[in-house]
Amino acid sequence: MIVLGIETSCDDTSLALYERERGILAHLTANQLVHEKYGGIVPEIASRAHLKNLLPVFNALVEDSGVGPNDIGGIGVSNGPGLIGSLLVGVSFAKALAFALGCPLVGVHHIEAHILANELAGAPLGTPALVLVVSGGHTCLYRVDTIGKYELVGNTRDDAAGEAFDKIAKLLGLGFPGGPVIEKAARSGDPTAIEFPRAMLHQDNFDFSFSGLKTAVRLHVEGLPKLTHQRISDVAASAQEAIVDVLVQKTVACAEEHDVRHVYLAGGVAANGALRERMRVDVEERSMTYHAPLIQYCTDNGAMVACAADRHLAAGRNDGTGLDVFARGYVSSWV
Ligand code: KG4
Ligand code: ZN
């Protein structure tokens, strides 16, 4: 069955066509660059841009793939968590299309879609697994016993890791989104230049905290006589090192405690090269297997939504026109 995935939970309008046997048939994203000048996402602007982008992106996707609209056998749409206005635009579009095509429609939990993005690398998710979901809104550890069975075993107490990258980039005047620009600046910086705090690292739990790091970076920057190019790179490299240290050490400790065989990364921050490399080395040293989504499926995308929707449609689910949106919430089990 060919499944259409629709992602509009934040600022990206992203659609994809997927078939389990053949993988991704087409994938198209319209990014909203308009938010850059505000240094963050403006929700009202985001929903209006989705409204403008959705139909042209859908038409181009169908044209690129050679798949006719009537070949679509099911639709999946992110219905939360995310920005309510943005989600409503995607869900309304999905309902209208499912009605017109007479096909089933399922709401997909955005975080489950990030987790299942790992399957787009070519292999089914190995279980039992521990998944570190790191994005702009989440820093969570999920134990996955089988697809559809999720247990939240660690969480941030305040900011998400992606939020920390974004706020630190803003402090350094590097732009938005912060993750890619911090990673780039960090390449010419010294990760040992400044000893930023590693909150909760030695506590006996699997929770995280990143708000103190943001404050530490701000105080450090305010205390500098001049923010030179080299100093920006050193701050970026040292902050990235502090974030990666905590994420990797807590994830590995949690995986050992839960006695899982497989460790997965998921979410936008999983695109970070330093995180991927450190996690791979530390996980493999302990004889567990390390996995991460392909880079293009780390940040928000319609492909991961289509892949997750396929699982739900195969289980016979159909939410139809009663489907609603939600702003917050963790993934719950459905098997
Ligand atoms: O998953 P995502 O696209 O959206 C949410 O669901 O939140 O994640 C976006 C987050 C942003 O905070 C962005 O700065 C971060 O992912 N990000 C990165 C990188 N690319 C994106 N963080 C670190 N390194 C990167 N290369
Ligand atoms: Zn996301």
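The values are calculated or read from the model by the stated rules, or taken from the named source; none is laboratory data. Everything quoted here is computed from the prediction, not taken from an experiment. Cβ coordinates were reconstructed from backbone atoms using ideal geometry, including for glycine residues, and neighbour counts include every protein chain displayed. With ligands, DNA and RNA removed, areas are computed over all heavy atoms of the protein, side chains included. Shrake-Rupley method; radii C 1.70, N 1.55, O 1.52, S 1.80 Å.
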**OP:** Based on alpha-carbon positions alone, could you give the equivalent ellipsoid semi-axes of the range 296-335 from the gyration tensor, as √(5λ), descending, whole Å?
**Re:** 19, 15, 12
**OP:** Report the full-extension gain for the segment residue 258 to residue 70: residue separation times 0.36 nm, less the Cα-Cα distance, to one decimal in nm.
**Re:** 63.1 nm
Subject >> DSSP bridge orientation in the range 68-154 - percent antiparallel, rounded to nearest 5 >> reply: 70 percent
**OP:** Go through 217, 114, 2 and say which Cα lies farthest out towards the positive end of the charge dipole of the chain; charges sit on Cβ, +1 for Lys and Arg, -1 for Asp and Glu.
**Re:** 217
Subject >> Net charge of neighbours whose Cβ lies under 10 Å from the Cβ of residue 77, counting Lys and Arg as +1 and Asp and Glu as -1 >> reply: -1
Subject >> Residues with amide H under 5 Å from that of residue 106, placed H, sequence gap 5 or more >> reply: 75, 76, 77, 319
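Please calculate how many Å² of accessible area the chain carries per residue, with a 1.4 Å probe and no DNA, RNA or ligand atoms counted.
Working: 13960 Å² over 335 residues.
Averaged over the residues of the chain, the accessible area is 42 Å².
Counting Lys +1, Arg +1, Asp -1, Glu -1, what net charge surrounds residue 13 among other residues with beta carbon under 9 Å of its beta carbon?
Values: positive: 52; negative: 7, 11, 12.
Every neighbour counted, the sum reads -2.
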**OP:** In vacuum, with every alpha carbon of the chain counted as one equal point scatterer, what does the Debye formula give for log10 I(q)/I(0) at q = 0.11, 0.12, 0.13, 0.15 Å⁻¹? Two decimals, please.
**Re:** -0.70, -0.82, -0.95, -1.21
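Within the chain, what percent of beta bridges assigned by DSSP are antiparallel, to the nearest 5? It would help to have the intermediate numbers written out before the result.
Numbers: 24 of 43 bridges.
Taking every DSSP beta bridge within the chain, about 55 percent pair in antiparallel fashion.
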Subject >> Cα-centred dipole magnitude for the range 121-241, charges only on beta-carbon of K, R (+1) and D, E (-1), debye, nearest 20 >> reply: 320 debye
Original post:
Under a plain spin-label model, where a point goes 7 Å from the Cα along Cα-to-Cβ, how far apart in nm are residue 224 and residue 281?
Top reply: 2.5 nm
Original post:
Computed over the Cα atoms of the range 210-306, what is the convex hull's projected area averaged over all directions, in nm²?
Top reply: 8.1 nm²
Original post:
How far is the Cα center of the range 161-240 from the Cα center of the range 21-58, in Å?
Top reply: 28 Å
